[in-house]
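S.K.: Quick one: this structure, given as structure tokens, is what I'll be asking you about.
The values are calculated or read from the model by the stated rules, or taken from the named source; none is laboratory data. Quick caveat: nothing in here was measured; it's all calculated off a predicted structure. So basically every Cβ, Gly included, is an ideal-geometry build from the backbone, and we count neighbours across all protein chains shown. All accessible areas refer to the heavy atoms of the entire protein, side chains included, with ligands and DNA or RNA removed. Shrake-Rupley method; radii C 1.70, N 1.55, O 1.52, S 1.80 Å.
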Amino acid sequence: MNNFINIRDISAKDLKKILFDSKKRKAKRKKLNYLEPDKDIPLKGRFLIQMFEKSSTRTRLSFYLAIRQLGGGALNLRKDELHFGEGGESIYDTARILSNYGDIFMLRTDSDKKLQEFKRYIKIPIINGLSPSSHPTQILSDIFTIEEITKKSIHNLNICWIGDGNNVLNSLIEASVKFSFNLKIGCPKRYEPNKSLIKWSKKNKSKIKIFNDPKKAISNSDVVFADKFIGIYDKKNKKKKIKDFKNFQVNSKLMKYAKKTAIFLHCLPASRGQEVSAEVLDGKQSKVWQQALNRLHVQKSILLYCLEKLR
């Protein structure tokens with residue numbers, strides 16, 4: 001079995017294999033409705049257990065439909081519904097129960113330590129649906145979207161991130177090493193990416209540059225990423241943070257420094273008027289809705305990878 005916890009732990013070969021399978025599966029679904037299974041039903045009878053400790057829209061919907069389209073079923077669990085959350089049951093005991101009932105487990109968690117403990121004790125594959133330090137399913141799907149729209153390998157594109165050094169950026173940094181693409185990061189000084197991750201990326205010949213000037217970061221970019229300034233794990237002074245990021249809003253003025261053909265991506269939910277202007281988010285360069293839908297297609301192939309069913 002294979003886990004999908006951090007992009008850095010998965011070989012570039014396997015990541016590309018997942019994307020290739022996603023492309024094929026998406027193409028074959030053009031005439032099928034959402035709940036109609038893929039013709040090969042590769043996960044017939046398989047059961048996905050999902051646990052959400054944090055709010056979720058896209059991850060919840062996409063994984064549910066992903067396992068259904070592959071021929072299996074899913075159940076969503078909330079921590080407050082379980083003995084694990086309110087009754088004091090240990091991760092060890094919970095993991096054993098999940099292993100006895102399901103074929104694969106997706107966890108959206110508020111604790112990286114908890115994720116690693118589940119990985120240690122569970123006997124079925126585990127997928128990180130989001131944790132404080134990582135959002136790997138999002139970023140792999142984003143790479144799929146970028147290549148689908150540009151018709152180019154991401155290896156040949158200039159990618160830009162404008163915003164905080166958060167969990168989504170962490171996974172993007174890991175992906176920049178695995179796929180060997182240029183990544184420019186624009187953020188205020190006190191909000192730069194994790195130092196140990198940057199050290200790891202440099203050891204692995206990354207093509208990353210960090211700027212405290214958003215204009216320099218976005219210059220000549222093919223793809224521009226943004227994310228909420230105030231994230232779901234943010235414990236900093238929110239008013240101060242909004243002030244510190246005042247000049248980092250992705251708006252039409254800033255987008256002029258990117259290539260004319262540049263696309264804008266955001267993992268959503270977005271705060272119009274904060275990290276991105278409504279004009280950009282709802283404009284022609286924005287591909288956020290296509291980006292969100294592609295979560296479904298890529299997560300199908302992630303499930304197949306974890307259950308060793310990729311052809």
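S.K.: Which of the residues that make up region 43-55 are open to solvent by less than 30 Å² (accessible area, probe 1.4 Å) and over 18 Å from Leu82 (Cα atoms)?
M.R.: Leu43
S.K.: Another one. For residues that are farther than 16 Å from Glu117 by Cα and open to solvent by 60 Å² or more (accessible area, probe 1.4 Å), scanning just region 82-91, find the one that is modelled with the lowest pLDDT.
M.R.: Among those that are farther than 16 Å from Glu117 by Cα and open to solvent by 60 Å² or more (accessible area, probe 1.4 Å), it is Glu86.
For (1) open to solvent by less than 20 Å² (accessible area, probe 1.4 Å); (2) hydrophobic (A, V, I, L, M, F, W, C), each residue gets a yes or a no:
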| position | (1), (2) |
| --- | --- |
| Ile263 | yes, yes |
| Arg272 | no, no |
| Ser286 | yes, no |
| Asn294 | yes, no |
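S.K.: On to the next question. Quick one: count up the residues across region 50-91 that are in contact with a Phe, Trp or Tyr (Cβ under 8 Å, 6 or more places away or on another chain), farther than 19 Å from Ile124 by Cα and hydrophobic (A, V, I, L, M, F, W, C).
M.R.: Final tally of qualifying residues: 1.
S.K.: Related question: Anything in region 1-12 that is buried (at least 17 other Cβ atoms within 10 Å of the Cβ) and assigned to a helix (DSSP H, G or I)? List them, or say none.
M.R.: Ile7, Arg8
S.K.: Looking at (1) among the acidic types (Asp, Glu); (2) open to solvent by 10 Å² or more (accessible area, probe 1.4 Å); (3) touching a residue at least 60 places away in the same chain (Cβ under 8 Å), find the lone condition where Glu117 falls short.
M.R.: (3)
S.K.: Only one of (1) closer than 25 Å to Ser62 by Cβ; (2) in contact with a Lys or Arg (Cβ under 8 Å, 6 or more places away or on another chain); (3) open to solvent by 20 Å² or more (accessible area, probe 1.4 Å) is not met by Lys300, so which one is it?
M.R.: (3)
Residues are listed down the side, and each one gets a yes or a no for (1) open to solvent by 10 Å² or more (accessible area, probe 1.4 Å); (2) over 25 Å from Gln299 (Cα atoms):
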| site | (1), (2) |
| --- | --- |
| Ser141 | no, no |
| His155 | yes, no |
| Gly163 | no, yes |
| Val168 | no, no |
| Ser171 | no, no |
| Ser176 | no, no |
| Lys195 | yes, yes |
| Trp200 | yes, yes |
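S.K.: Any residue at all in region 156-177 that's under 28 Å from Pro42 (Cα atoms), not polar (S, T, N, Q) and not in a helix (DSSP H, G or I)?
M.R.: Checked region 156-177: no residue is under 28 Å from Pro42 (Cα atoms), not polar (S, T, N, Q) and not in a helix (DSSP H, G or I).
S.K.: Return the total of residues in region 122-139 being in contact with a Gly (Cβ under 8 Å, 6 or more places away or on another chain) and either surrounded by 24 or more Cβ atoms within 10 Å (Cβ to Cβ) or of a type in the set (Phe, Trp, Tyr) (or both). Let's see the steps before the verdict.
M.R.: Taking region 122-139 first, the residues in contact with a Gly (Cβ under 8 Å, 6 or more places away or on another chain) are 124, 137.
Narrowing the set further to residues that are either surrounded by 24 or more Cβ atoms within 10 Å (Cβ to Cβ) or of a type in the set (Phe, Trp, Tyr) (or both) leaves 137.
Number satisfying all stated conditions: 1.
S.K.: Oh, and also: On the given criteria, is Lys79 in contact with a helix residue (DSSP H, G or I) (Cβ under 7 Å, 6 or more places away or on another chain) and at pLDDT below 95? Walk me through it before giving the result.
M.R.: Numbers: in contact with a helix residue (DSSP H, G or I) (Cβ under 7 Å, 6 or more places away or on another chain): yes; at pLDDT below 95: yes.
So Lys79 fits the description; yes.
S.K.: If Ser219 passes every condition in (1) open to solvent by 70 Å² or more (accessible area, probe 1.4 Å); (2) more than 30 Å from Lys23 (Cβ to Cβ) but one, which one does it miss?
M.R.: Against the list (1) open to solvent by 70 Å² or more (accessible area, probe 1.4 Å); (2) more than 30 Å from Lys23 (Cβ to Cβ), Ser219 comes up short only on (1).
S.K.: Give the residues of region 92-113 that are surrounded by 17 or more Cβ atoms within 10 Å (Cβ to Cβ) and out of contact with any Leu (no Cβ under 8 Å at 6 or more places or on another chain), sorted by residue number.
M.R.: Going through region 92-113, the residues surrounded by 17 or more Cβ atoms within 10 Å (Cβ to Cβ) turn out to be 94-95, 98, 102-109.
Within region 92-113, Ala95, Leu98 qualify.
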